[in-house]
Amino acid sequence: MHVPDGFLDDKTWAAAALFSCGGVGVAMWNVRRLPPRRVPLMGLSAAFIFAGQMLNFPVAGGTSGHLIGGVLAAVLLGPSAAVIILTAVLVIQCLLFADGGLLALGANILNMGIVDSVGGYLVYRAVFRLLPGDRAAARVTAAAFAAWCGAVLASMVCSGELVASGTAKASVAFPAMVGVHMAIGLGEAAITAIVIATVWNTRPELLDEESGAGRARSGTFLAYGLIVAAALAIFVSPFACPWPDGLDHVAKVIGFGHREVERRAPIGGYYFPGISNLRVATAVAGLVGTFLAFSVALGLSRILMRPRALPEQAGGDGASALSEAAS
């Protein structure tokens, strides 16, 4: 659903950028409430989402989809943290990999970073409160349904942007975009459910503070999480489905694909320069992007958390709290 340059007119991408700046600003203010010991998880979530977004899976009709990850991050860390994480991932994808337009960056942050994360999280909270019985099953079910809803909501907003730009008619854009993303959302729901279930079985305190469980395993969990993200980028992404994703497929079917403005980037197309073997080039690009996403999200979260973390440390500083969280 990465919107390239050329699909949106000036007024639409400018309005989307304005909304995104406001949303990210609010998220940056609110994310300071996140417990310092969870800061490393922002980096891990960004790494996993970046790697996950490289893994296109096939959908009926010659279309592919990929993880968005906003609801997944929101369930683990809250909607504000999810907005920051997705923004970091989308900026890296745009600037280094030419995935998504430069002028359309605000629209992509709005669609995938804000609408998917916040909208999906609201659905998650509502459904989780309504579901009876086992809390673990309720969380996984609510997260899966919310992930599907988040993908559909993001596609609806993207459709609105295309219509507002005069790129496509509402009678065509909404059914086409929403329809294909209802199918893609099933993959999003399945991946989200698997990850949430895994986290519940290994680190339940990340989802429920009352569950107990020790911080001593934080460093181990972080290390294994990075290994999994790196493995996905290295060994799985080179074999991802080559079919066009939902937006590209709709653009081709409706007939506005020719409006895309192509541009160059240091690692354009997720092929690391200087490597002739395309699968190896993809693997190296994925590995670089995964660890860059981890570093940027972690560094940004530490900067944002510092004003709040320092006063709360009795006889210590914010850095010591972060070191404890990663140990």
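The values are calculated or read from the model by the stated rules, or taken from the named source; none is laboratory data. Predicted, not measured: the structure shown is a model, and the values here were computed from it. For neighbour counting, all protein chains shown are included, and Cβ atoms are generated from backbone atoms with ideal geometry for every residue, glycine included.
Residue check: is Ala309 at pLDDT 50 or above and more than 19 Å from the chain's Cα centre (by Cα)? Against the criterion (at pLDDT 50 or above and more than 19 Å from the chain's Cα centre (by Cα)), Ala309 does not qualify. Taken across the stretch 252-259, residues that are in a loop (DSSP other than H, G, I, E, B), at pLDDT 95 or above and crowded, with 16+ Cβ neighbours inside 10 Å do occur, with at least one present. Restricting attention to the stretch 19-39, the residues being in a helix (DSSP H, G or I) and closer than 22 Å to Ile68 by Cβ number 13. Does at least one position in the stretch 184-204 carry a residue that is basic (Lys, Arg) and touching a residue at least 60 places away in the same chain (Cβ under 8 Å)? Checking the stretch 184-204: not a single residue is basic (Lys, Arg) and touching a residue at least 60 places away in the same chain (Cβ under 8 Å). For the residues Thr87, Thr12, the requirement of being in contact with an Asp or Glu (Cβ under 7 Å, 6 or more places away or on another chain) and assigned to a helix (DSSP H, G or I) singles out Thr12. Restricting the first member to the stretch 1-20 and to residues that are hydroxyl-bearing (Ser, Thr, Tyr), and the second to residues that are part of a helix (DSSP H, G or I), the beta-carbon pairs closer than 6 Å and six or more apart or on different chains are Thr12/Glu161; Thr12/Ala164; Ser20/Gly106; Ser20/Ile109; Ser20/Leu110.
Which residue is nearest to the chain's Cα centre (by Cα), if the candidates are limited to the stretch 271-304 and must be among the hydroxyl-bearing types (Ser, Thr, Tyr) and under 12 Å from Leu226 (Cα atoms)? Of everything passing the filter in the stretch 271-304, Thr290 is nearest to the chain's Cα centre (by Cα).
Take the conditions (1) closer than 15 Å to Ala293 by Cβ; (2) surrounded by fewer than 24 Cβ atoms within 10 Å (Cβ to Cβ); Gly62 misses just one of them, which is (1). With respect to (1) farther than 22 Å from Phe272 by Cα; (2) among the small types (Gly, Ala, Ser); (3) at pLDDT 95 or above, the lone exception for Ala60 is condition (3). Summed over the stretch 270-290, the residues that are surrounded by fewer than 18 Cβ atoms within 10 Å (Cβ to Cβ) and part of a helix (DSSP H, G or I) give a count of 3.
Considering (1) closer than 30 Å to Gly43 by Cα; (2) touching a Ser or Thr at 6+ places or on another chain (Cβ under 8 Å); (3) small (Gly, Ala, Ser), the lone condition that Gly187 does not fulfil carries the number (2).
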